[in-house]
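Asker: Mind looking over this structure? Questions follow.
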Amino acid sequence: MHSIPGRRLIMALFLIFLLLPIYWLVNMSFKTNAEIVSTMTLWPHTPTLQHYRRIFTDESWYSGYINSLEYVVINTVISIAVALPAVYALPFFNLYSAIGLFDTPWAVALAHCIFNVPLAVWILEGFVSGVPREIDETAFLDGYSFPRFFIKILVPLIASGIGVAAFFCFMFSWVELLLARTLTSV
């Protein structure tokens with residue numbers, strides 16, 4: 001095996017490059033606001049803990065962390081509880097055999113929905129949130145029911161997002177093999 005000349009120097013430069021943003025964030029956290037916006041220095045000239053003090057004592061900051069922690073823990077517990085049986089394909093096999101879905105296209109399609117539905121919701125939410133609120137308000141003032149508004153106005157407005165979501169769902173289902181091999185005999 002051939003040794004690369006200067007590999008230690010290359011590795012050191014690489015590590016410095018990776019750690020530089022972290023250093024810069026920590027460095028700025030100890031600077032005063034005036035020092036942050038006025039000069040660019042490699043270290044704080046008048047170090048302060050005011051930013052840390054504010055984060056841990058101002059209720060508007062730490063209540064946000066507590067709220068975030070609360071829903072992240074709930075989400076994690078639910079996700080793991082749902083994911084554990086989903087990643088182990090035998091429960092699908094047993095369930096689908098019991099209800100007569102084994103070795104049908106429906107078996108694989110329904111199993112893929114576990115992954116594709118959250119992905120599609122995540123993608124489409126970005127497109128729907130880009131539609132101005134005034135459009136649906138105007139449609140309802142013009143007498144559109146929600147289903148009519150949804151089909152006639154919203155779907156055409158987010159057609160490109162629907163295409164993107166459909167592409168990613170299609171590609172995931174096209175390349176996924178574990179569930180397909182487990183839920184079909186062919």
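Asker: Quick one: dipole size for the stretch 1-88, taken about the Cα centre, charges +1 on Lys/Arg Cβ and -1 on Asp/Glu Cβ, in debye to the nearest 20.
Answerer: Working: 5 positive and 4 negative charges, 89 e Å.
Charge dipole of the stretch 1-88: 420 debye, to the nearest 20.
Asker: I've got another one for you. If you rank Thr184, Thr57 by how much accessible surface each has, with a 1.4 Å probe, what is the order from largest down? Intermediate values should be presented prior to the final figure.
Answerer: Values: Thr184 35, Thr57 100 Å².
So, going from the largest accessible area down, we get Thr57, Thr184.
Asker: If you don't mind, another one. Determine, from the Cβ-Cβ distance of Trp122 and Ala81 and an R0 of 25 Å, the FRET efficiency 1/(1 + (r/R0)^6), rounded to the nearest 0.05.
Answerer: Values: r = 20 Å, r/R0 = 0.81.
My answer for the efficiency is 0.80.
Asker: To the nearest 0.05, how large is the calculated FRET efficiency for His51 and Leu157 if R₀ is 45 Å and r is the Cβ-Cβ distance?
Answerer: Working: r = 42 Å, r/R0 = 0.94.
Result of the calculation: an efficiency of 0.60.
Asker: I've got another one for you. Using a Förster distance of 45 Å, how high is the FRET efficiency between Asn27 and Phe167, based on the Cβ-Cβ distance and rounded to 0.05? Could you put the intermediate results ahead of the total?
Answerer: Numbers: r = 43 Å, r/R0 = 0.95.
It comes to 0.60.
Asker: With the Cα gyration tensor of the stretch 67-170 in hand, convert its eigenvalues to equivalent ellipsoid semi-axes via √(5λ) and list them largest first in whole Å.
Answerer: On the way: eigenvalues 235, 85, 32 Å².
Listed largest to smallest, the semi-axes of the stretch 67-170 are 34, 21, 13 Å.
Asker: Among the helices of the chain (complete DSSP H runs), which have Cα atoms covering no less than 20 Å along the helix axis and a Kyte-Doolittle mean of at least 0.0?
Answerer: The qualifying helices are 7-29, 59-87, 105-129, 159-175.
Asker: Going by accessible area, probe 1.4 Å, with all protein chains left in place, what is the ranking of His51, His45, largest first? Walk me through the numbers on the way to the answer.
Answerer: Details: His51 50, His45 120 Å².
Ranking His51, His45 by accessible area, largest first, yields His45, His51.
Asker: Which value in nm describes the separation of the simple spin-label points at Trp61 and Leu13, placed 7 Å from the Cα toward the beta carbon?
Answerer: That separation, rounded to one decimal, is 3.8 nm.
Asker: For the chain, what is the mean residue ellipticity at 222 nm derived from helices alone (per DSSP H run of n ≥ 4: -39500 (n - 2.57); sum divided by total residues; nearest 500 deg cm²/dmol)?
Answerer: One gets -23500 deg cm²/dmol as the mean residue ellipticity at 222 nm.
Asker: Where q = 0.16, 0.28, 0.29, 0.33 Å⁻¹, what log10 of I(q)/I(0) comes from the Debye formula for the stretch 105-152, counting one point per Cα?
Answerer: Log10 I(q)/I(0), no solvent term: -0.63, -0.97, -1.00, -1.09.
Asker: Further question: State the percentage of accessible surface on the chain attributable to carbon and sulfur atoms; use a 1.4 Å probe and exclude ligands, DNA and RNA. Walk me through the numbers before you get to the answer.
Answerer: Numbers: 10710 of 14410 Å².
Carbon with sulfur: 74 percent of the solvent-accessible area.
Asker: As a test question: what accessible area, to the nearest 10 Å², does Tyr62 have when a 1.4 Å probe is rolled over all protein chains in place?
Answerer: 90 Å²
Asker: Now a separate question. Leaving ligands and nucleic acids out of the surface, order Val128, Val108 by accessible area at 1.4 Å, largest first. Write out the running numbers ahead of the final one.
Answerer: Details: Val128 65, Val108 25 Å².
Per-residue accessible area, sorted high to low, gives Val128, Val108.
Asker: Separate question: Given charges of +1 on the Cβ of Lys and Arg and -1 on the Cβ of Asp and Glu, with all other atoms neutral, how large is the dipole of the stretch 92-186 about its Cα centre, in debye to the nearest 20? Kindly include the intermediate steps, with their values, before the conclusion.
Answerer: Values: 4 positive and 7 negative charges, 41 e Å.
Dipole magnitude for the stretch 92-186 comes out near 200 debye.
Asker: Could I ask something else about it? Considering only protein heavy atoms, what per residue accessible area in square angstrom results for the stretch 81-153 with a 1.4 angstrom probe?
Answerer: Values: 5090 Å² over 73 residues.
Computed with neighbouring chains in place, this is 70 Å² per residue.
Asker: Roughly how much of Asp58 is accessible, in Å² to the nearest 10, using a 1.4 Å probe?
Answerer: Approximately 50 Å² of Asp58 is accessible to the 1.4 Å probe.
Asker: For percent of Cα pairs over 23 Å apart, several values are listed as (1) 48; (2) 72; (3) 37; flag the one computed from this structure.
Answerer: Answer by label: (2).
The values are calculated or read from the model by the stated rules, or taken from the named source; none is laboratory data. These numbers come from a predicted model, not from an experiment. When we count neighbours, we look across all protein chains shown, and the Cβ atoms used for this are built from the backbone with ideal geometry, even at glycine. Accessible surface areas use protein heavy atoms only, side chains included; no ligands, DNA or RNA. Shrake-Rupley method; radii C 1.70, N 1.55, O 1.52, S 1.80 Å.
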